[in-house]
Every structure is written in structure tokens, then in C-alpha cells.
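In what follows, a single structure is set out as C-alpha cells and then discussed.
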Amino acid sequence: MKATVLIIDDNESVRTGLAQVIEKMGHHTVVAANGKLGLDLFSVHAPDFVISDLKMEGLDGIGVLTEVRKRDPDCPAMIVTAFGTVETAVEAMKLGAFD
């Protein structure tokens with residue numbers, strides 16, 4: 001089954017790299033450079049899976065995850081970061097992110 005994966009990351013290299021890997025797996029990707037744009041695209045594309053960076057200007061990954069849960073509680077989401085803490089990981093998992 002071909003899934004649509006929304007990738008939200010302010011780092012262009014990370015966005016592009018994740019998109020390339022996911023597309024090689026046979027899925028469709030939609031990419032956004034920030035949380036607000038990502039949520040706009042979420043509304044348009046109704047993705048099957050969301051990958052969001054944790055630390056971004058404006059709406060961060062926790063804010064994105066919170067809004068995704070409001071819009072579609074069953075949509076799987078994953079937070080990625082180079083700056084994680086145990087507290088942040090616990091908060092993201094409580095909001096429904098993959099562990």
C-alpha cells in the first residue's frame with residue numbers, strides 16, 4: 001500500500017534525505033519547512049503518517065503533534081531531533097508519538 005508521509009523539518013537536507021528514503025520505499029511524500037506550513041499541508045493532503053522535527057522556529061514539533069492529534073487522533077506521528085531530552089520524549093509519547 002502506498003502511503004502519504006508528511007515531513008516537517010526546517011533543515012532542508014533532513015527534509016530532502018527523509019523524502020528520498022521514503023520515496024524509495026514506494027511511498028509519496030509531502031514536505032514542509034515549518035510547523036505552520038506542515039499543518040496547512042496536513043489539511044490538504046490528509047497524510048497517513050507525519051514526521052516532524054522537534055526544534056523549529058514558531059510552531060515546534062510538540063505543537064505540531066498536538067494539532068495533528070486534534071485533527072486526526074489515529075494518524076501515526078514521529079518526532080525527530082538532534083536535541084532530545086528524556087522529558088521531551090516522554091511528553092511526545094504521551095501525545096501519541098511513536099516511541
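The values are calculated or read from the model by the stated rules, or taken from the named source; none is laboratory data. This one's a predicted model, so the numbers in the text were calculated from it and none came from an experiment. A quick note on method: Cβ atoms are made from the backbone with ideal geometry, for glycine too, and the neighbour counts reach across all protein chains shown. These area figures cover heavy atoms from the full protein model, side chains too; ligands, DNA and RNA do not enter into them. Shrake-Rupley method; radii C 1.70, N 1.55, O 1.52, S 1.80 Å.
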Query raised in the report: Out of all the residues in region 21-35, is one or more closer than 18 Å to Arg71 by Cα and assigned to a helix (DSSP H, G or I)?
Result: yes
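May I ask you to say which residue of Val5, Val14, Val31, Val50 is modelled with pLDDT under 95, at negative phi and not hydroxyl-bearing (Ser, Thr, Tyr)?
Values: Val5 fails: modelled with pLDDT under 95; Val31 fails: modelled with pLDDT under 95; Val50 fails: modelled with pLDDT under 95.
Of the residues listed, the single one that is modelled with pLDDT under 95, at negative phi and not hydroxyl-bearing (Ser, Thr, Tyr) is Val14.
Yes/no matrix, rows are residues, columns are (1) of a type in the set (Val, Ile, Thr); (2) open to solvent by 30 Å² or more (accessible area, probe 1.4 Å); (3) closer than 15 Å to Leu95 by Cβ; (4) under 9 Å from the mean Cα position of the chain (by Cα):
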| position | (1), (2), (3), (4) |
| --- | --- |
| Pro47 | no, no, no, no |
| Leu59 | no, yes, yes, no |
| Gly63 | no, no, yes, no |
| Arg69 | no, yes, yes, no |
| Cys75 | no, no, yes, no |
Query raised in the report: Mind checking which pairs have a first residue in region 36-58 that is within 10 Å of Val68 (Cα to Cα) and a second that is modelled with pLDDT of 95 or more and open to solvent by 70 Å² or more (accessible area, probe 1.4 Å), Cβ under 7 Å, 6 or more apart or different chains?
Result: Phe42/Arg71
**Report entry** Selection within region 1-43 - open to solvent by 70 Å² or more (accessible area, probe 1.4 Å) and within 17 Å of Asp74 (Cα to Cα)
**Finding:** Ser43
